[in-house]
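The values are calculated or read from the model by the stated rules, or taken from the named source; none is laboratory data. Note that the coordinates shown come from a computational prediction; the quantities given were computed from them, not determined experimentally. For neighbour counting, all protein chains shown are included, and Cβ atoms are generated from backbone atoms with ideal geometry for every residue, glycine included. Calculation scope for accessible area: heavy atoms of the full protein, side chains included, ligands and nucleic acids excluded. Shrake-Rupley method; radii C 1.70, N 1.55, O 1.52, S 1.80 Å.
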Amino acid sequence: VENGLDTRTSLMVRNIPNKYTQQMLLSEFTENGHGPGVIDFFYLPIDFKNRCNRGYAFINFVDFKDILMFHRQYYGKHWRTFNSDKICDITYARIQGKAAMLKRFENSALMEKDEEYKPLVFVSNGPDKGKRLPFPDSSNKTSS
């Protein structure tokens, strides 16, 4: 990544304590400089039955170079909230890029769920960079 040879932008963050909500985790990332504007896609899957997260999240960075700082800050470290023994693990996501992530979830059953369960999408660039966008469903295509 550092020398520009690997330009993938999507990560899977694992071993997230189950009590984190999507908003809590996004707030923590934002406080540490990895929020909307730096990322343009964020999804923390929630188990609908027990209302806890599944322990992993997907993040897409606008610029692959920003992954370095995120990785240095979180990889192999304990989570600061909930006094958890879990150690953060970070790998590249199987699905790469904001567009591919959107496509993966647009026809998912979770699109019929409450907003708190849906992936968060942000404007990638321009004057509105970092502004939250509604998650596009198959009948409401947006591009940014």
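Given a 1.4 angstrom probe, what's the average accessible area per residue across the chain, in square angstrom? List each step's numbers first, then the result.
Values: 8060 Å² over 144 residues.
Spelled out: the 1.4 Å probe surface of the chain, per residue, equals 56 Å².
Go through 69, 24 and list them by solvent-accessible area, largest first, probe radius 1.4 Å.
Working: 69 120, 24 70 Å².
Ranked list, largest accessible area first: 69, 24.
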Review point. Carbon and sulfur atoms: what percent of the 1.4 Å accessible area of the chain do they account for?
Key: 49
Review point. What range in the chain is the longest one free of trypsin sites (Lys or Arg not before Pro) that are in a loop by DSSP and have at most 15 other Cβ atoms within 10 angstrom?
Key: 20-48
Exercise for review: With springs only between Cα atoms under 10 Å apart, run a GNM on the chain and tell me which of 130, 76, 97 wobbles the most.
Suggested key: 76
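Please state, as a whole number in µm²/s, the translational diffusion coefficient that the Stokes-Einstein equation yields for region 1-82 at 10 °C and 1.306 mPa s, with Rh defined as the Kirkwood radius across alpha carbon pairs.
Numbers: Rh = 13.2 Å.
It diffuses with D of about 120 µm²/s by this estimate.
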Review point. Where does the chain land at 222 nm, in deg cm²/dmol rounded to the nearest 500, when only DSSP H runs of n ≥ 4 count, each adding -39500 (n - 2.57), divided by all residues?
Key: -5500 deg cm²/dmol
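Work out, step by step, the length gained on full extension between residue 106 and residue 19: first 0.36 nm times the residue separation, then minus their alpha carbon distance; give nm to one decimal. Working shown, then result.
Values: separation 87, 0.36 × 87 = 31.32 nm, distance 2.58 nm.
Separation in residues times 0.36 nm, less the Cα-Cα distance, equals 28.7 nm.
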Practice item. Treating only the Cβ atoms of Lys and Arg (+1) and Asp and Glu (-1) as charged, compute the dipole magnitude of the chain about its Cα centre; round to the nearest 20 debye. Key: 220
Check your understanding: Which far-off residues, 5 or more places away or on another chain, put their amide H under 5 Å from the one on residue 92, with H placed in the peptide plane?
Key -> 12
Study note, to complete from the structure: Working note, the chain: Cα radius of gyration (Å, one decimal) and Dmax (Å, whole number) are 14.7, 44
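Can you give the FRET efficiency for residue 30 and residue 86, using 1/(1 + (r/R0)^6), R0 = 25 Å, r = Cβ-Cβ distance, to the nearest 0.05? It would help to have the intermediate numbers written out before the result.
Details: r = 21 Å, r/R0 = 0.82.
After rounding to 0.05, the efficiency reads 0.75.
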Practice item. Using a 1.4 Å probe and ignoring any ligands, DNA or RNA, find the accessible area of residue 81 and quote it in Å² to the nearest 10. Key: 40
Practice item. Would you kindly find the accessible area of residue 121, with a 1.4 Å probe and non-protein molecules such as ligands, DNA and RNA excluded, rounding to the nearest 10 Å²? Key: 0
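Measure up 65/98; 77/131; 65/86; 19/86 against 21 Å on the Cα-Cα distance and list the ones that go over. Provide the component values of the computation, followed by the final result.
On the way: 65/98 16 Å; 77/131 29 Å; 65/86 26 Å; 19/86 12 Å.
Table pairs above 21 Å Cα-Cα are 77/131; 65/86.
Can you check what the net charge comes to around residue 81, using other residues whose Cβ is under 14 Å from the Cβ of residue 81 (Lys, Arg +1; Asp, Glu -1)? Please report the intermediate quantities before stating the final value.
On the way: positive: 19, 77, 80, 86; negative: 28, 31, 85.
Around residue 81, the surrounding residues sum to +1.
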Review point. When we measure straight from the Cα of residue 129, which aspartates and glutamates land under 14 angstrom away, once same-chain ones fewer than 8 places off are left out?
Key: 40, 63
